1. If the cut-off is a Cα-Cα distance under 28 Å, which lysines reach residue A:99, setting aside same-chain residues fewer than 8 apart in sequence?
2. Kindly provide the pair-distance distribution of the stretch A:61-127 built from C-alpha pairs, with 5 Å bins from 0 and whole-percent values in order of increasing distance.
3. Express the carbon and sulfur contribution to the solvent-accessible surface of the protein assembly as shown as a percent, rounded to the nearest whole number, probe 1.4 angstrom.
4. Sort all Cα-Cα distances of the stretch B:83-141 into consecutive 5 angstrom bins from zero, then give the percent of pairs in each bin up to the one containing the longest distance.
5. Quick one: Karplus J couplings for the stretch A:376-388, per residue in order, coefficients 6.51, -1.76, 1.60, θ = phi - 60°, nearest Hz, x for Gly and Pro?
6. Quick one: if you take sqrt(5λ) for each eigenvalue of the C-alpha gyration tensor of the stretch A:350-424, what semi-axes come out, biggest first, whole angstrom?
7. Using only Cα atoms, figure out Rg for chain A and give it as a multiple of 2.2 N^0.38 Å.
8. Considering the stretch A:386-463, what Rg and Dmax in Å follow from its alpha-carbon atoms?
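The values are calculated or read from the model by the stated rules, or taken from the named source; none is laboratory data. What you see is a predicted model; the values in this text were computed from it and never measured. Positions of Cβ are generated from backbone atoms using ideal geometry, with glycine treated the same way; all protein chains shown enter the neighbour counts. In case anyone asks, the SASA skips ligands and DNA or RNA and just uses the protein heavy atoms, side chains included. Shrake-Rupley method; radii C 1.70, N 1.55, O 1.52, S 1.80 Å.
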Amino acid sequence: MNTPLLWILIPLFISGFFLFIMNHQRILKWTGTIISLNLAALAAFLPINKVFNYLFWELKVSDEMLIFGRRFVLSEADRPIVVLLFLLCTFWFFILDPKTVPIQVIPLGLAGTVLILTAYAVEPIFYGALFFAFLALIFVVLLSPPGQVPTQGVLRFLIFQILGMLFILFAAWLASWIDINTGDQLLLVRSLVILALGFSFLLAIFPFISWIPMITEKNHPFLTGFVLNIYLLGVFIFGLRFITEAGWFGKNINIQQPMQIAGAMMIGFGGSLALVSKHLGRMMAAVIISEIGRSLLAISLFSLGFPLFFALFVVQALALGVWSLSLSHLRQVMSSFSYDSAAGAARQWPIISSGILVGYFTLAGLPLLAGFPLYWALGSNLRSYPLWINAMYILGALELIIGGVRILAALTRNSGEERVLIIGNPFYRSLILAVNVFLVLLGLFPQIVMRAAQSITKIFLGS
Amino acid sequence: MSLFQSLSVTVLFLCAVGILRVKNWRWMTGLLTLQYICVLSLVSISWPVEIAVVKLVAGWMATAVLFLTYANIPESTADTKNELSLPGIFFKGFAALLIGISVYSLVPDALRWFLGATSQQTLGGLLLLGLGLLQLGLSREVIRIIIGVLTVISGFEILYATLEASVLMTGLLAILNIGIAFVGAYLLLTSYLEETS
């Protein structure tokens, strides 16, 4: 028995099995949720590389598996990543309403999560780029449910992910020469530039940004929220592994500065998009783009910023989850998410609309909500950075808040229809309210999520 | 041997340009099939033929998946929607020619990056990368985008074969090619499938 078998091969087999029971939507939803939760619990408590007794057997779970001479390792230090990924999966599966969301999110979502772990576990790490290409294929299928024409955003997503993979593979090959010719600065710079280009494709960093607004505008909101949350987390942790494991990084070349510039640019673009958009889907793109920028800035702080990075993703999952769930319910009664179509929605569907507003304002960084303390802490740590980065950070946050006020204005506009209408199952309406309350509580007590994020960082960095 | 390699590169270029310009999907998949034979001949310079043939098999399987899918689409009797006017044909041909000339002039520099590669391999790989990117940049149709992605990967595979010969990498790239074709098939068919939610 080994950890890659437990957290990669077995869940992959299970996700394959799920494809055969897709007609039983409720069973699939709850089975997927429980299995993800069990995998997370197993990752949290299972002793690795230690002998332990289970019933009548004496077991030892090793942390590596060999396939065609390549090692797949999920060790003690990777435990928090495994727990985090499966917990996010559990959360998304738990909140999905099978009546409003294509059910293939369960098998394909689980398979996607497993592929992220595979990319993270493989040694040498650059092989992971190939698994991200497979992940992109799975998410392309997920984002194009049966009966709908594939959108241009999805096709562009596919193209950019494949190009990103090719650049990373080539950069990794170039980097392998650096070990031999130590001190070759030109080669190091070349490989870093190509690697940065590869990750720019994967993370939708400017100018490869266009697929995010295209997808959020045209595709199913729940699927979009899930894919953006899980996929971006996966790429970031893959990138973190590159930074922490590749010895030739960070020694001679300053990688902080490009991250700062990219982060500030993304925050600027996100803010600008929020200012000009008149579509609830595109507003999701605005906050996601800003979140990518914030994550880049958090990672650029290295060990100081890693807890913030993990905390950002936990809050992002909650906020994006409640927002996506609300939008997928609203989708039943609206042909489009443009502000004109959504006018007056808060008067007719107050609970559903509250999910949209709380989810958005959390990610925009409105005080008293869960995002604010984290963005405040991140901003405070940026004081040593150039003034223009700090200015961009504040400006981006203000633009997002102004964008949120425009959403509020659109949703509460008098459209002539004053009746309060009920859509969605009471369970999901209660769930929206519960997550809203939880986001407010996390805003009041941010230490809960920060403590968890610090523990994750501590184990992740192996200290 | 060198003449054969040069011939492969020429056929490769003609196939990639042909894919860019034809609007009949049978011609498109036919040219893709021929393109994979040229990829095999260039990869086999660096690898033993018995391993290099994996590229051909995977490529042909991918092409077969696309061909069979297109053949079973209800509207597939019609050609791809890319109605090419005379200026369109001229523009694409001219763009392809520009890429060909640029790549040809870049080969001496590129050879410094790909130390184990012959000039034909470098030229062939870069041509496919360039023309594949041109295809991706100019197309909005699923079939053309999938063929564009497959072309870019083929170009990369020719160059990467001169750098690394790992069995796992070869296998994964082959699976990726077939996977892309299957995803392409799904995307071509998805609008005809029954809606789930």
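1. Straight-distance partners of residue A:99: A:29, A:218, A:278.
2. 4, 15, 22, 20, 15, 11, 7, 5, 1, 0
3. 69
4. 4, 19, 24, 20, 13, 10, 6, 3, 1
5. Those phi angles translate into 4, 4, 5, x, 5, 6, 8, 4, 7, 7, x, 4, 5 Hz.
6. Semi-axes, largest first: 33, 13, 6 Å.
7. 0.96
8. 19.5, 60
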